[in-house]
Amino acid sequence: MDGETNGKVHPCVEVVEACGEWHVRVVDGNQNKTLTFEIESYALAYAEGQRMRLGLDKIERSRAF
């Protein structure tokens with residue numbers, strides 16, 4: 001998950017599946033945006049685009065409990 005150093009939030013992209021829906025969380029500076037998708041491939045495509053836009057190496061994936 002994203003960390004914080006000297007009050008500055010590190011950018012990240014996270015994908016979480018919960019109750020049959022896919023949630024993509026994008027942290028960019030001080031902005032935090034979450035989008036919900038019903039289709040996994042749409043969520044992953046959006047997440048990949050955001051990862052490239054932010055210049056990140058990877059997307060964080062996890063499952064909701």
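The values are calculated or read from the model by the stated rules, or taken from the named source; none is laboratory data. All figures in this text were calculated on a predicted structure; none of them were measured in a lab. For neighbour counting, all protein chains shown are included, and Cβ atoms are generated from backbone atoms with ideal geometry for every residue, glycine included. All accessible areas refer to the heavy atoms of the entire protein, side chains included, with ligands and DNA or RNA removed. Shrake-Rupley method; radii C 1.70, N 1.55, O 1.52, S 1.80 Å.
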If we keep just the residues of the range 22-49 that are of a type outside the set (Ser, Thr, Tyr) and part of a helix (DSSP H, G or I), which is farthest from residue 9 (Cα to Cα)? 40
Considering residues of the range 4-62 that are in contact (Cβ under 8 Å) with a residue 40 or more places away in the chain and of a type in the set (Asp, Glu) only, the residue least open to solvent (accessible area, probe 1.4 Å): 14
